[in-house]
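Asks: Sharing a structure with you now.
The values are calculated or read from the model by the stated rules, or taken from the named source; none is laboratory data. All figures in this text were calculated on a predicted structure; none of them were measured in a lab. For neighbour counting, all protein chains shown are included, and Cβ atoms are generated from backbone atoms with ideal geometry for every residue, glycine included.
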Amino acid sequence: MQRFIDGWHSPSLNWHTEIVTYGHYGFPMLMFPTAAADYLEYERFYLIDAMREFIEAGKVKAFSINSINRAGWLNPDLHPHDKAWLQVAYNNYIVNEVVPYIWNSCRGRTRIITAGASLGAFHAANQLFRRPDLFDGMLGLSGDYDIRHYYSGDYYDDNIYFNNPVDYLPNLNDYAQLSLLRQKNRIYIVTGQGQWENPDASRRFSGILSQKGIPHELDMWGHDMPHDWPTWRDMMRYYLSAKF
């Protein structure tokens, strides 16, 4: 399996950023790490090993990046206003730097699937639903799609609203954007129902998508599937095999 680590000083974030690419061919999947972890987290916890046969077969080319969670949403010393501004900078980094990097690696302006587990699922959803012109679908594993629920307290502003899918999607009425979203056929909201899972978060998000006429699949795995790496490895392996 080809593996290539790269990085650059991000003008959007004003710090050095890293990206790792796995594979040589296939549809591009942009992966967002869980919680406060880094771009190599999916490798350390063997999720990349779970994807290996599909990567080596040229079915998928995976790109994994850092998040701003540690510096932003999970930083208890940062005011929610500044957390939201950091999210805006992160969006700019994704759109203006990461997407062109992926296009260059894939030698074309191909549509990208976003993916992530836990807090990474929030980022995967936020990028897709903000920019359906750039992203073609998502695989959200054990996600909570309400960033306000844990990370902004009583503070609320436009930058939080426009980065919180459960807030902005119900009010989305832009015909062009909705048309793009309604053409997607690879939006998967997947969760276990075991220890530490929050299946109601996935049910709530699925309900919002249904109300807006956005096609998707809500997949509830069993009560024996906890919010943990063995669950996510099984989910990723299944979805790459059966759905992509």
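Asks: Please pick out the residue among I94, I55, I68 that is of a type outside the set (D, E, K, R), under 13 Å from the mean Cα position of the chain (by Cα) and closer than 23 Å to W232 by Cα.
Replies: None of the other options fit; the residue is I68.
Asks: Take the residues in region 168-194 that are farther than 29 Å from H223 by Cβ and of a type in the set (F, W, Y); name whichever of them is surrounded by the most Cβ atoms within 10 Å (Cβ to Cβ).
Replies: Y168
Asks: Same structure, new question: Specify the residue that is surrounded by the most Cβ atoms within 10 Å (Cβ to Cβ); the eligible residues are those in region 139-167 that are of a type in the set (A, V, I, L, M, F, W, C) and within 15 Å of L119 (Cβ to Cβ).
Replies: Only one residue fits best here, namely L141.
Asks: Of everything in region 143-166 that's in a loop (DSSP other than H, G, I, E, B) and in contact with a Phe, Trp or Tyr (Cβ under 7 Å, 6 or more places away or on another chain), which residue is farthest from F45 (Cα to Cα)? Full working, then the answer.
Replies: Keep residues of region 143-166 that are in a loop (DSSP other than H, G, I, E, B), which gives 143-147, 152-157, 162-164.
Add one more test, that the residue is in contact with a Phe, Trp or Tyr (Cβ under 7 Å, 6 or more places away or on another chain), and what stays is 143-145, 147, 162.
Values: G143: 18, D144: 21, Y145: 23, I147: 25, F162: 32 Å.
For region 143-166, the residue satisfying everything is F162.
Asks: Out of N92, N104, N75, N126, I need the residue that is among the polar types (S, T, N, Q), closer than 25 Å to A201 by Cβ and in a helix (DSSP H, G or I). Which one?
Replies: Exactly one of N92, N104, N75, N126 is among the polar types (S, T, N, Q), closer than 25 Å to A201 by Cβ and in a helix (DSSP H, G or I), namely N126.
Asks: Which ones in region 203-228 are outside any loop (DSSP other than H, G, I, E, B) and under 14 Å from K184 (Cα atoms)? Lay out the reasoning, then the answer.
Replies: At the first step, the residues of region 203-228 found to be outside any loop (DSSP other than H, G, I, E, B) are 203-211, 217-220.
L209, S210, E217 - these are the residues of region 203-228 that are outside any loop (DSSP other than H, G, I, E, B) and under 14 Å from K184 (Cα atoms).
Asks: Any idea how many residues of region 16-33 are assigned to a loop (DSSP other than H, G, I, E, B) and buried (at least 23 other Cβ atoms within 10 Å of the Cβ)?
Replies: Final tally of qualifying residues: 2.
Asks: Taking interchain pairs and intrachain pairs at least six residues apart, which have beta carbon atoms under 8 angstrom, with the first residue in region 154-173 and without any contact (Cβ under 8 Å) to a residue 12 or more places away in the chain and the second among the aromatic types (F, W, Y)?
Replies: Short answer, once both residue conditions are applied: Y161/Y168.
Asks: At pLDDT 95 or above, among the basic types (K, R) and farther than 30 Å from L78 by Cα: is that true of R204 in this structure?
Replies: No.
Asks: Looking only at region 35-50, which residues are surrounded by 19 or more Cβ atoms within 10 Å (Cβ to Cβ) and part of a helix (DSSP H, G or I)?
Replies: Selection gives E41, Y42, L47, I48, A50.
Asks: From the set of residues in region 168-191 that are among the aliphatic types (A, V, I, L, M) and touching a Gly at 6+ places or on another chain (Cβ under 9 Å), which is nearest to T114 (Cα to Cα)?
Replies: Among them, the one singled out is I187.
Asks: While we're here: Among residues belonging to region 1-15 that are outside any strand (DSSP E or B) and out of contact with any Asp or Glu (no Cβ under 8 Å at 6 or more places or on another chain), point out the one that is farthest from W85 (Cα to Cα).
Replies: The residue in question is Q2.
Asks: For region 63-88, which positions are in contact with a strand residue (DSSP E or B) (Cβ under 9 Å, 6 or more places away or on another chain) and surrounded by fewer than 20 Cβ atoms within 10 Å (Cβ to Cβ)?
Replies: Result: A71, single match.
Asks: Which pairs turn up if I take residues in region 74-89 that are farther than 21 Å from G120 by Cβ and look for partners that are among the acidic types (D, E) with beta carbon separation below 9 Å, at least 6 apart in sequence or on another chain?
Replies: H81/D157
Asks: For D133, state whether it is surrounded by fewer than 22 Cβ atoms within 10 Å (Cβ to Cβ), at pLDDT 95 or above, assigned to a loop (DSSP other than H, G, I, E, B) and of a type outside the set (A, V, I, L, M).
Replies: Spelling it out, D133 is indeed surrounded by fewer than 22 Cβ atoms within 10 Å (Cβ to Cβ), at pLDDT 95 or above, assigned to a loop (DSSP other than H, G, I, E, B) and of a type outside the set (A, V, I, L, M).
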